[in-house]
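Participant: Pasting a structure below so you can have a look.
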Amino acid sequence: MTEQQSATREALFQPLEIRDMHLRNRIVMSPMTRGFCPDGVPTDDVVAYYRRRAEGGVGLIVTEGVAVDHPAALGDAGLGENNIPLLGSAASIEGWRKVVDQVHANGAKIIPQLWHQGVMRKPGTGPYPDVASVSPSGIWGPLGRMTSIDPKSIPADPNIGDPMSDALIEDTIEAFVRSAVNAVEAGFDGIALHGGHGYLLDNFLWEGTNQRTDRWGGSREKRSAFPAEIVRRIRAAIGEGMPIFFRFSQWKQQDFRATLADNAAELREVLMPLAVAGVDVFDASVRYYNRAGFEGDPASLAGVAKKVTGKLSMAVGGVGINQGMYDRDKAAAVVSDFGPLFDRFNAGEFDLVAVGRAIIGDPQWTTKFRNGDATEPYNMENDGILS
Ligand SMILES: Cc1cc2nc3c(=O)[nH]c(=O)nc-3n(C[C@H](O)[C@H](O)[C@H](O)COP(=O)(O)O)c2cc1C
């Protein structure tokens, strides 16, 4: 490494304070569903899996998606019916406490990603197979778009049920708040909300699934009202000290080419209600961090999110790996040219860098990256192993 390269690399190893959370560096393990929690309870293997990543030097871990404590939150995610973690039962809270303790003992911080599948939940599956799936307008999304979803799982009729009633909306908000309070009890350092990828919060944000004309829909700001209310109520319940992260995405599993916003001004309309409600960090979920968020401005989506909200932002997508997620039929190779990452970080586009598959492939990734050492590749054939 030249002196200049090692200086830019070290910039990613400066600590960061977000509210009361102290991070030793800017590298974050991105949330990744694994499906190794029988009956929703993290096992000793799960404890060891996260411990290894903390030992490997990461600053913050965002856990795999954890089902919100709501009967319609979770269906079969293709990983066995009951293997997605919960944060509701006493056993699940106890299981997470063991994960948190081991991560803390190794110098990292950890926050759970609260996940409600909304229209993506497969009806008739999950811990409560008899309950109906919930969604803002009873619409799965427009059919016939570019998607990675198995055709068997795409409904023939996009009208999949009733729009959520006010009572059900309130019930769901309370479930998010209850889960956040359970996270505090388990010792987590903050909260992450899954607001992307075509799941419930995103179903409210996106016009393709939100056709409401009441206070929860009608304009970009109003489509943000439901996730913003969840943020506001979580903030009121957990206090001022813990940070709240919010993941959003333009793309949806139903429609890879969907957008919430087509320019920075529109993105501001989407994100400001969330920022005002209490979000500290926007996690812009894209497949390639090194791409412009919008035409005409080279800034990444994380960069634009930071610019329009004045909040912190996190980049993700293809760090250390040559294929974007969903290009997973191709073999993924290690990428060791971090020039564009350093350039964008040094330009102040984002404050944190999330790394997904590279950290599954190599628990020691963060330390090796810091030292400029070779890392192990990610092989999706091994997704069925918790190594
Ligand atoms: C096996 C796997 C599971 C994932 N599960 C989730 C998840 O539960 N929640 C989420 O927001 N993103 C999930 N993702 C997306 C990652 O967080 C990340 O955004 C994506 O893999 C791109 O980063 P990468 O190129 O560094 O892997 C998952 C990705 C993979 C590979």
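The values are calculated or read from the model by the stated rules, or taken from the named source; none is laboratory data. Everything quoted here is computed from the prediction, not taken from an experiment. So basically every Cβ, Gly included, is an ideal-geometry build from the backbone, and we count neighbours across all protein chains shown. What goes into the accessible areas is simple: the full protein's heavy atoms, side chains included, and nothing from ligands, DNA or RNA. Shrake-Rupley method; radii C 1.70, N 1.55, O 1.52, S 1.80 Å.
Participant: Restricting to segment 303-324, name every residue that is out of contact with any helix residue (DSSP H, G or I) (no Cβ under 7 Å at 6 or more places or on another chain) and within 12 Å of the ligand (Cβ to nearest atom).
Facilitator: Val316, Gly317, Gly318, Asn322, Gln323, Gly324
Participant: Only residues in segment 273-291 that are over 12 Å from Ala302 (Cα atoms) and of a type in the set (A, V, I, L, M, F, W, C) count as the first member; pair them with residues that are open to solvent by 30 Å² or more (accessible area, probe 1.4 Å) and more than 16 Å from the ligand (Cβ to nearest atom), Cβ under 6 angstrom, at least 6 apart or cross-chain, and list the lot.
Facilitator: Here the result reads Ala275/Lys311; Ala277/Arg232, each pair linking segment 273-291 to a residue that is open to solvent by 30 Å² or more (accessible area, probe 1.4 Å) and more than 16 Å from the ligand (Cβ to nearest atom).
Participant: Would you be able to say whether some residue in segment 121-129 is more than 16 Å from the ligand (Cβ to nearest atom), under 15 Å from Thr63 (Cβ atoms) and not hydroxyl-bearing (Ser, Thr, Tyr)?
Facilitator: To start, the set of residues in segment 121-129 that are more than 16 Å from the ligand (Cβ to nearest atom) comprises 123-125, 127-129.
Add one more test, that the residue is under 15 Å from Thr63 (Cβ atoms), and what stays is none.
The answer is no, given that none of the residues of segment 121-129 is more than 16 Å from the ligand (Cβ to nearest atom), under 15 Å from Thr63 (Cβ atoms) and not hydroxyl-bearing (Ser, Thr, Tyr).
Participant: Also, quick follow-up: Say we look at segment 125-155 and pick out the residues that are under 24 Å from the mean Cα position of the chain (by Cα) and outside any loop (DSSP other than H, G, I, E, B); which of these is farthest from Phe226 (Cα to Cα)?
Facilitator: By that ranking, first place goes to Ser153.
Participant: Sticking with this structure for a sec: Consider only pairs whose beta carbons are under 6 Å apart and that are at least six residues apart or on different chains; among these, list those whose first residue lies in segment 163-190 and is closer than 14 Å to Gln113 by Cα and outside any helix (DSSP H, G or I) and whose second residue is among the hydrophobic types (A, V, I, L, M, F, W, C) and open to solvent by 10 Å² or more (accessible area, probe 1.4 Å).
Facilitator: As it stands, the answer is Gly190/Met242, since those pairs meet every condition given.
Participant: Quick one: count up the residues across segment 156-185 that are of a type in the set (Val, Ile, Thr) and more than 19 Å from Glu229 (Cβ to Cβ). Explain how you work it out, then say what you get.
Facilitator: Going through segment 156-185, the residues of a type in the set (Val, Ile, Thr) turn out to be 160, 169, 172-173, 177, 181, 184.
Now restrict to residues that are more than 19 Å from Glu229 (Cβ to Cβ): 160, 184.
Residues flagged as of a type in the set (Val, Ile, Thr) and more than 19 Å from Glu229 (Cβ to Cβ) within segment 156-185 amount to 2.
Participant: Restrict the check to segment 60-70 and report whether at least one residue is in a helix (DSSP H, G or I), closer than 30 Å to Gly339 by Cα and under 20 Å from the mean Cα position of the chain (by Cα).
Facilitator: Filtering segment 60-70 down to residues in a helix (DSSP H, G or I) leaves none.
For segment 60-70, residues in a helix (DSSP H, G or I), closer than 30 Å to Gly339 by Cα and under 20 Å from the mean Cα position of the chain (by Cα): absent.
Participant: On to the next question. (1) in contact (Cβ under 8 Å) with a residue 60 or more places away in the chain; (2) under 24 Å from Met314 (Cα atoms); (3) outside any strand (DSSP E or B): which one isn't true of Gln250, the others all being true?
Facilitator: So Gln250 meets the others, but not (1).
Participant: What are the pairs with Cβ atoms under 8 angstrom where one residue, in segment 333-347, is at positive phi and the other, located anywhere, is exposed (fewer than 12 other Cβ atoms within 10 Å of the Cβ) and hydrophobic (A, V, I, L, M, F, W, C)? Sequence gap at least six, or different chains.
Facilitator: none
Each row is one residue, and each column tells you yes or no for (1) among the β-branched types (Val, Ile, Thr); (2) farther than 30 Å from Pro123 by Cβ; (3) within 14 Å of the ligand (Cβ to nearest atom).
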{"position": "Arg19", "(1), (2), (3)": "no, yes, no"}
{"position": "Met32", "(1), (2), (3)": "no, no, yes"}
{"position": "Cys37", "(1), (2), (3)": "no, no, yes"}
{"position": "Val41", "(1), (2), (3)": "yes, no, no"}
{"position": "Val47", "(1), (2), (3)": "yes, yes, no"}
{"position": "Arg51", "(1), (2), (3)": "no, yes, no"}
{"position": "Glu64", "(1), (2), (3)": "no, no, yes"}
{"position": "Gly78", "(1), (2), (3)": "no, no, yes"}
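Participant: Can Ala91 be described as open to solvent by 40 Å² or more (accessible area, probe 1.4 Å), under 25 Å from Val181 (Cβ atoms) and free of Cβ contacts under 8 Å to residues at least 60 places away in the same chain? Break it down stepwise before answering.
Facilitator: On the way: open to solvent by 40 Å² or more (accessible area, probe 1.4 Å): yes; under 25 Å from Val181 (Cβ atoms): yes; free of Cβ contacts under 8 Å to residues at least 60 places away in the same chain: yes.
Yes: the conditions hold for Ala91.
Participant: Six or more apart or on different chains, Cβ under 6 Å: which pairs go from a residue in segment 61-78 that's more than 17 Å from Ala354 (Cβ to Cβ) and open to solvent by 10 Å² or more (accessible area, probe 1.4 Å) to one that's of a type in the set (Gly, Ala, Ser) and assigned to a loop (DSSP other than H, G, I, E, B)? Could you list them?
Facilitator: Asp69/Gly88
Participant: Tell me, please, whether a residue that is open to solvent by less than 40 Å² (accessible area, probe 1.4 Å), among the acidic types (Asp, Glu) and within 16 Å of the ligand (Cβ to nearest atom) can be found in segment 197-204. Quick ask: steps written out before the conclusion?
Facilitator: If we filter segment 197-204 for residues that are open to solvent by less than 40 Å² (accessible area, probe 1.4 Å), which is where we start, we get 197-204.
Then keep just the ones that are among the acidic types (Asp, Glu); that gives 202.
Next, only the ones that are within 16 Å of the ligand (Cβ to nearest atom) stay: 202.
Yes, because at least one residue in segment 197-204 is open to solvent by less than 40 Å² (accessible area, probe 1.4 Å), among the acidic types (Asp, Glu) and within 16 Å of the ligand (Cβ to nearest atom).
Participant: Quick one: which of Gln250, Gln254 is modelled with pLDDT under 95, under 21 Å from the mean Cα position of the chain (by Cα) and not hydroxyl-bearing (Ser, Thr, Tyr)?
Facilitator: Working: Gln250 fails: modelled with pLDDT under 95.
Unique residue meeting the criteria: Gln254.
Participant: Could you list, in sequence order, the residues of segment 94-108 that are outside any loop (DSSP other than H, G, I, E, B) and open to solvent by less than 50 Å² (accessible area, probe 1.4 Å)?
Facilitator: Of segment 94-108, the ones outside any loop (DSSP other than H, G, I, E, B) are 94-105.
Listed by number, the residues that qualify are Gly95, Trp96, Val99, Val100, Val103.
Participant: Restrict the check to segment 216-238 and report whether at least one residue is in a strand (DSSP E or B) and either touching a helix residue (DSSP H, G or I) at 6+ places or on another chain (Cβ under 7 Å) or more than 16 Å from the ligand (Cβ to nearest atom) (or both).
Facilitator: First, the residues of segment 216-238 that are in a strand (DSSP E or B): none.
No, every residue in segment 216-238 fails to be in a strand (DSSP E or B) and either touching a helix residue (DSSP H, G or I) at 6+ places or on another chain (Cβ under 7 Å) or more than 16 Å from the ligand (Cβ to nearest atom) (or both).
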